[in-house]
Each structure stands twice: as C-alpha cells, then as structure tokens.
Amino acid sequence: MSAGPRELQLDLKKSGQVTLNAAGIGVLQFYPDHANQRWEVDSVVVSTNQAATATTVPFVSLALNTVDPATASPGNAQGSTWNGSSETFTGMIKVGECDFLAVIFTPPTGAAGAPLAGVIGSAVITGSKYTRRG
C-alpha cells in the first residue's frame with residue numbers, strides 16, 4: 001500500500017523589478033513553477049532605486065491572488081509597510097499550487113503618484129518550495 005504522494009523540498013528564491021507608472025503604482029507577481037508545487041515564503045525584501053533622502057517613498061503591500069490592495073479582502077492581505085524603499089517582511093506566507101503572491105508598490109496615503117513615476121521597485125522572496133512527487 002502506498003503512503004501517498006511525497007514532496008521534494010528545495011530552497012525558494014525569486015526576484016523581480018517593476019518600474020512605477022505615472023500614478024506611482026507597480027506590481028510584481030510571483031507564481032509557483034507548476035501545478036505540483038507550493039511555497040512557504042518566509043521573507044520578502046523590498047527596495048527602490050531612490051536616494052536615501054527621497055521625501056516620497058512608496059507604500060508596499062503583499063497580497064495573495066489579487067493585485068489591488070484597495071479591493072483585497074483581509075484574507076488576501078499578507079502585510080504592508082509605510083516605507084517601501086527598504087523593508088523586510090518576515091513570517092510564513094503559504095502560496096498554494098493555484099495561488100500567486102503579489103508585491104504591490106503604491107503612493108503613500110494622501111500623496112500623489114507623480115513623484116514616484118519611473119522609480120524602480122525590487123523584491124526578493126525566499127523560503128521553501130515543495131514539489132509533489134507521485
């Protein structure tokens with residue numbers, strides 16, 4: 001009798017960059033590599049190419065299965081920061097086989113997006129990935 005599917009565990013490290021648009025918004029989406037894989041993300045490091053003295057820095061949100069923090073349900077929201085120019089999110093985020101993790105850069109509350117247009121936002125996610133084996 002079979003004990004069921006096994007999982008192969010490997011290190012997860014993915015990264016990406018996005019140029020913020022005229023409204024100061026940019027979204028990075030990270031997906032498992034295939035339908036037999038799930039992730040346990042334990043760190044997301046975000047940064048921008050802005051100078052340390054920049055007066056307007058983006059707000060960053062993490063969300064599952066949505067790219068719009070304004071319409072994300074509390075179940076989708078995975079955390080946020082007021083300083084997206086250099087921040088680290090920690091804590092377990094489970095990304096299932098059919099899910100995606102979005103890193104969403106937006107202007108800070110009450111600020112216009114124009115000062116952020118053209119800023120490059122970066123994210124690096126790390127953790128473990130599990131691939132189901134038959």
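The values are calculated or read from the model by the stated rules, or taken from the named source; none is laboratory data. Computed from a predicted structure; not experimentally measured. For neighbour counting, all protein chains shown are included, and Cβ atoms are generated from backbone atoms with ideal geometry for every residue, glycine included.
For the list (1) modelled with pLDDT under 80; (2) in contact with a helix residue (DSSP H, G or I) (Cβ under 7 Å, 6 or more places away or on another chain), I need the number of the one condition that P107 fails.
Unmet for P107, out of (1) modelled with pLDDT under 80; (2) in contact with a helix residue (DSSP H, G or I) (Cβ under 7 Å, 6 or more places away or on another chain): (1).
Given the structure, is A3 within 30 Å of T131 (Cα to Cα), at pLDDT below 90 and within 16 Å of the chain's Cα centre (by Cα)?
Working: within 30 Å of T131 (Cα to Cα): yes; at pLDDT below 90: yes; within 16 Å of the chain's Cα centre (by Cα): no.
Taking the combined requirement at face value, the residue does not satisfy it.
Which residue out of L12, L62, L8 is aliphatic (A, V, I, L, M) and either more than 15 Å from the chain's Cα centre (by Cα) or closer than 13 Å to V119 by Cα (or both)? So that I can check it myself, show each step before the final result.
Working: L12 fails: either more than 15 Å from the chain's Cα centre (by Cα) or closer than 13 Å to V119 by Cα (or both); L62 fails: either more than 15 Å from the chain's Cα centre (by Cα) or closer than 13 Å to V119 by Cα (or both).
After applying the criteria, what remains is L8.
Restricting the search to the range 65-96, which residues are under 22 Å from A112 (Cα atoms) and either part of a loop (DSSP other than H, G, I, E, B) or acidic (D, E) (or both)?
V67, D68, P69, A70, T71, A72, W82, N83, G84, S85, E87
Among the residues of the range 49-64, how many are under 22 Å from P32 (Cα atoms) and either in contact with an Asp or Glu (Cβ under 8 Å, 6 or more places away or on another chain) or in a loop (DSSP other than H, G, I, E, B) (or both)? Don't jump to the end; show me each part of the working.
Narrowing the range 49-64 to residues under 22 Å from P32 (Cα atoms): 60-64.
Going one step further and asking which of them are either in contact with an Asp or Glu (Cβ under 8 Å, 6 or more places away or on another chain) or in a loop (DSSP other than H, G, I, E, B) (or both), we end up with 60, 64.
Final tally of qualifying residues: 2.
Quick one: would you say T109 is surrounded by fewer than 18 Cβ atoms within 10 Å (Cβ to Cβ), in a loop (DSSP other than H, G, I, E, B) and more than 19 Å from the chain's Cα centre (by Cα)? Lay out the reasoning, then the answer.
Numbers: surrounded by fewer than 18 Cβ atoms within 10 Å (Cβ to Cβ): yes; in a loop (DSSP other than H, G, I, E, B): yes; more than 19 Å from the chain's Cα centre (by Cα): yes.
Taking the combined requirement at face value, the residue satisfies it.
Residues of the range 40-60 being buried (at least 22 other Cβ atoms within 10 Å of the Cβ) and under 14 Å from V124 (Cα atoms), which ones?
Correct list: V41, V44, V46, T48, V60.
Scanning the range 66-76 for residues that are modelled with pLDDT under 80 and not polar (S, T, N, Q), which turns out nearest to the chain's Cα centre (by Cα)?
Result: P69.
Please enumerate the residues belonging to the range 81-106 that are more than 19 Å from T66 (Cβ to Cβ) and surrounded by 15 or more Cβ atoms within 10 Å (Cβ to Cβ).
Correct list: S85, E87.
Hey, V46 hits all of (1) touching an Asp or Glu at 6+ places or on another chain (Cβ under 7 Å); (2) of a type outside the set (D, E); (3) assigned to a loop (DSSP other than H, G, I, E, B) but one; which does it fall short on?
The one condition V46 does not meet is (3).
Does T131 satisfy being among the β-branched types (V, I, T), closer than 18 Å to A51 by Cα and over 12 Å from the mean Cα position of the chain (by Cα)?
Numbers: among the β-branched types (V, I, T): yes; closer than 18 Å to A51 by Cα: no; over 12 Å from the mean Cα position of the chain (by Cα): yes.
Spelling it out, it is not the case that T131 is among the β-branched types (V, I, T), closer than 18 Å to A51 by Cα and over 12 Å from the mean Cα position of the chain (by Cα).
Please specify each residue of the range 32-43 satisfying the condition of being of a type outside the set (V, I, T) and not in a loop (DSSP other than H, G, I, E, B). I'd like the intermediate steps shown before the answer.
Just the residues of the range 32-43 that are of a type outside the set (V, I, T), to begin with: 32-40, 42-43.
Those that are of a type outside the set (V, I, T) and not in a loop (DSSP other than H, G, I, E, B): Q37, R38, W39, E40, D42, S43.
Count, please, the residues in the range 112-134 that happen to be assigned to a loop (DSSP other than H, G, I, E, B) and within 23 Å of S43 (Cα to Cα). First the steps, then the outcome.
Taking the range 112-134 and keeping what is assigned to a loop (DSSP other than H, G, I, E, B), we get 112-113, 117-119, 134.
Checking the rest, the ones that are also within 23 Å of S43 (Cα to Cα) come to 119.
Total satisfying the criteria: 1.
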